[in-house]
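**Student:** Handing you this structure, nothing more for now.
The values are calculated or read from the model by the stated rules, or taken from the named source; none is laboratory data. Just so it is clear, the model here is predicted, and its values are computed rather than measured. Positions of Cβ are backbone-derived with ideal geometry, glycine not excepted, and every protein chain shown enters the neighbour counts.
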Amino acid sequence: MKLEWWKYLSIVILLYTLLFGMLVPLGPGIVEVSPSRATTGAQRSFDVWGYNTRFKDFDAINVVLKLDDEHCLPAADYSVESDYHLKATFDVPSMPEGMKKSEFATMIIYPAGSGTAILPSAVSLQDGEGGQVSTHWVPEDDFTFERITGLHFPYRNILMESIRNTYFHVALWFAMMFILGASMVYSIRYLRSGNLDWDLKASAYAQVGIVIGVMGIATGMIWAANTWGKAWSWDIKQTMAAVALLIYLAYFVLRTSVEDQEKRARTSAAYNIFAFATLIPLLYVVPRLVDSLHPGSGGNPAMGGEDLDNTMRLVFYPAIIGWTLLGAWVSQLVFRFLKVQHYARSKNLTEQY
Amino acid sequence: MELYLARLRNGLQSFYNMRIFRALSVILLAFTTPALWGQTQTLDYYRNTGKIYVVIAVIVVSFLGIVLFLINLDRRIRKMEKDLNQK
């Protein structure tokens, strides 16, 4: 009996991804701090606007401005206006010695809800006239923060809820790699055996891989429009992804342009291996060498840190498996169609090419 | 030919005049590029919705991609079936 269960497993996994990925709330975050610049040496108050925060639930909240690990400043006083709005007052001392005259400070609020709310570069501090305050910068070890408590996805500035796209946009690209990889393996198998079935399989998997790639670019453009400000900014990652897809489109142009079956199978199999070999550097090497807006470029890691924590891994890895299995299922359907079509043509039951 | 083009233009015009279509296009535009709005409006929109509509749009596009491919595959199969029946 043929294995069928994995096809239905893909649906189950994708449903799980959809439910888990959409229903788990984000941890607390800070949307805006105003004013966003201040001079030191005097008392300064800030309005803080939170996201998914529950300021009213807590009797004592730590509001901290942080320059670096050794230089933090707790708020002198704060007042909770609502669950999402908090006013904090700091007695800001002069910039610590050995530091630049103007520096960005991170705002940290704990507890803010289910964990800590953090906004990097929240306030631009500038050395001013002063010395009227008696406070000092203290090391961060004086405070204890718990980043996230309970089941929550991390709140990321700019990304906000769209961090959930990791389970769709990113997982789709991973699935495309697996599907196109399978296509290449079938091409190699064809070249080793000469069995035309493998060639049809390679073609079917490449078709589905391309469709997933186009979906990846389209979803990426939507995400970019709302985070980078432009749908298409000729970012190196976007450009290289488009180039990679064009290389694969040429694979199908090649297939339709060669009349002889054996010849078509052989040349397209060789081209498929070449296409997959260029895909890896185009998507994963070149964008890392230059500056890019996309995570995973210009030296910064894509998968790790705050962009993908353990709660997200619970959804992200199944999402990759789910999309890959679904892609394989559809590829199998295409292969079966191609095989019947091939048989009908070889028996002259339908028109030739 | 000219008559056909005029009819087509008329049809498109009346289609565009439908309120639903206009409302839809406005919503679509708004969801896909909120950056087109004023700066403050954009900020308020993001603050209230947390960019959740970006995720919805991405899911819809992924779903549509699969569906369109299946429709295309369906068409190819039907064409082959027609060919087989004719012979």
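Conditions (1) surrounded by fewer than 21 Cβ atoms within 10 Å (Cβ to Cβ); (2) within 30 Å of A:Tyr51 (Cβ to Cβ), marked per residue:
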{"site": "A:Phe174", "(1), (2)": "yes, yes"}
{"site": "A:Thr219", "(1), (2)": "no, yes"}
{"site": "A:Ala242", "(1), (2)": "yes, no"}
{"site": "A:Ile247", "(1), (2)": "yes, no"}
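**Student:** Related question: Quick test of your reading of the structure: A:Ile212 fulfils all but one of (1) part of a helix (DSSP H, G or I); (2) surrounded by fewer than 24 Cβ atoms within 10 Å (Cβ to Cβ); (3) within 14 Å of chain B (Cβ to nearest Cβ). Name the failing condition by number.
**Tutor:** (2)
**Student:** Could you look through region A:305-347, keep only residues that are charged (D, E, K, R) and touching an Asp or Glu at 6+ places or on another chain (Cβ under 9 Å), and pick out the one that is modelled with the lowest pLDDT?
**Tutor:** Of all residues in region A:305-347, those charged (D, E, K, R) come to A:306-307, A:309, A:313, A:336, A:339, A:345, A:347.
Retained after the next criterion (residues that are touching an Asp or Glu at 6+ places or on another chain (Cβ under 9 Å)): A:339, A:345.
Working: A:Lys339: 94, A:Arg345: 85.
Ranking the qualifying residues of region A:305-347, first place goes to A:Arg345.
**Student:** For the condition modelled with pLDDT under 90 and closer than 28 Å to A:His152 by Cα, what is the one hit in A:Asp69, A:Asp127, A:Asp47?
**Tutor:** Numbers: A:Asp127 fails: closer than 28 Å to A:His152 by Cα; A:Asp47 fails: modelled with pLDDT under 90.
One residue alone meets the criteria, A:Asp69.
**Student:** Among the numbered criteria (1) in a helix (DSSP H, G or I); (2) more than 29 Å from A:Leu314 (Cα to Cα); (3) out of contact with any Asp or Glu (no Cβ under 8 Å at 6 or more places or on another chain); (4) not aromatic (Phe, Trp, Tyr), which one does A:Lys230 miss?
**Tutor:** Failing condition for A:Lys230: (1).
**Student:** Kindly evaluate A:Gln207 against the criterion of being within 14 Å of another protein chain (Cβ to nearest Cβ), of a type in the set (S, T, N, Q) and in a helix (DSSP H, G or I). Outline the logic, then answer.
**Tutor:** On the way: within 14 Å of another protein chain (Cβ to nearest Cβ): yes; of a type in the set (S, T, N, Q): yes; in a helix (DSSP H, G or I): yes.
So A:Gln207 fits the description; yes.
**Student:** Something else: Look at A:Trp323 and say whether it is buried (at least 20 other Cβ atoms within 10 Å of the Cβ) and either touching a residue at least 60 places away in the same chain (Cβ under 8 Å) or touching a strand residue (DSSP E or B) at 6+ places or on another chain (Cβ under 9 Å) (or both).
**Tutor:** It is true that A:Trp323 is buried (at least 20 other Cβ atoms within 10 Å of the Cβ) and either touching a residue at least 60 places away in the same chain (Cβ under 8 Å) or touching a strand residue (DSSP E or B) at 6+ places or on another chain (Cβ under 9 Å) (or both).
**Student:** For A:Ala224, state whether it is within 12 Å of another protein chain (Cβ to nearest Cβ), surrounded by 16 or more Cβ atoms within 10 Å (Cβ to Cβ) and under 26 Å from B:Ile56 (Cα atoms). I'd like the intermediate steps shown before the answer.
**Tutor:** Values: within 12 Å of another protein chain (Cβ to nearest Cβ): yes; surrounded by 16 or more Cβ atoms within 10 Å (Cβ to Cβ): yes; under 26 Å from B:Ile56 (Cα atoms): yes.
Answer is yes for this residue.
**Student:** Do we have A:Tyr271 as more than 14 Å from chain B (Cβ to nearest Cβ) and at pLDDT 95 or above here? Talk me through it step by step, then tell me what you get.
**Tutor:** Values: more than 14 Å from chain B (Cβ to nearest Cβ): yes; at pLDDT 95 or above: yes.
Taking the combined requirement at face value, the residue satisfies it.
**Student:** Among (1) among the aromatic types (Phe, Trp, Tyr); (2) surrounded by 18 or more Cβ atoms within 10 Å (Cβ to Cβ); (3) farther than 30 Å from B:Val54 by Cβ, there is one condition A:Phe58 misses while meeting the rest; what is its number?
**Tutor:** Unmet condition: (2).
**Student:** Search region A:136-165 for residues being in a helix (DSSP H, G or I) and surrounded by fewer than 20 Cβ atoms within 10 Å (Cβ to Cβ), and hand back the single one that is farthest from the chain's Cα centre (by Cα). Break it down stepwise before answering.
**Tutor:** Of all residues in region A:136-165, those in a helix (DSSP H, G or I) come to A:140-142, A:160-165.
Those left that are additionally surrounded by fewer than 20 Cβ atoms within 10 Å (Cβ to Cβ): A:140-142.
On the way: A:Glu140: 30, A:Asp141: 31, A:Asp142: 34 Å.
By that ranking, first place goes to A:Asp142.
**Student:** In region A:14-48, which residues are within 29 Å of the chain's Cα centre (by Cα), buried (at least 18 other Cβ atoms within 10 Å of the Cβ) and assigned to a strand (DSSP E or B)?
**Tutor:** Once the filter is applied, which keeps residues that are within 29 Å of the chain's Cα centre (by Cα), buried (at least 18 other Cβ atoms within 10 Å of the Cβ) and assigned to a strand (DSSP E or B), region A:14-48 yields A:Leu26, A:Gly29, A:Ile30, A:Val31, A:Val33, A:Val48.
**Student:** Name the one entry in A:Met99, A:Met107 that is of a type in the set (A, V, I, L, M, F, W, C), touching a Leu at 6+ places or on another chain (Cβ under 8 Å), in a loop (DSSP other than H, G, I, E, B) and not assigned by TED's automatic domain parsing to the domain that holds A:Thr227. Quick ask: steps written out before the conclusion?
**Tutor:** On the way: A:Met107 fails: in a loop (DSSP other than H, G, I, E, B).
Result: A:Met99 is the single residue among A:Met99, A:Met107 that is of a type in the set (A, V, I, L, M, F, W, C), touching a Leu at 6+ places or on another chain (Cβ under 8 Å), in a loop (DSSP other than H, G, I, E, B) and not assigned by TED's automatic domain parsing to the domain that holds A:Thr227.
One line per residue, one yes/no per condition, for (1) among the small types (Gly, Ala, Ser); (2) within 23 Å of B:Val60 (Cα to Cα):
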{"position": "A:Trp137", "(1), (2)": "no, no"}
{"position": "A:Pro154", "(1), (2)": "no, no"}
{"position": "A:Phe168", "(1), (2)": "no, yes"}
{"position": "A:Ser183", "(1), (2)": "yes, no"}
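**Student:** Something else: If you go through region A:42-51 one residue at a time, do you hit one that is within 12 Å of another protein chain (Cβ to nearest Cβ), closer than 19 Å to A:Phe145 by Cα and aliphatic (A, V, I, L, M)?
**Tutor:** There is no residue in region A:42-51 that is within 12 Å of another protein chain (Cβ to nearest Cβ), closer than 19 Å to A:Phe145 by Cα and aliphatic (A, V, I, L, M).
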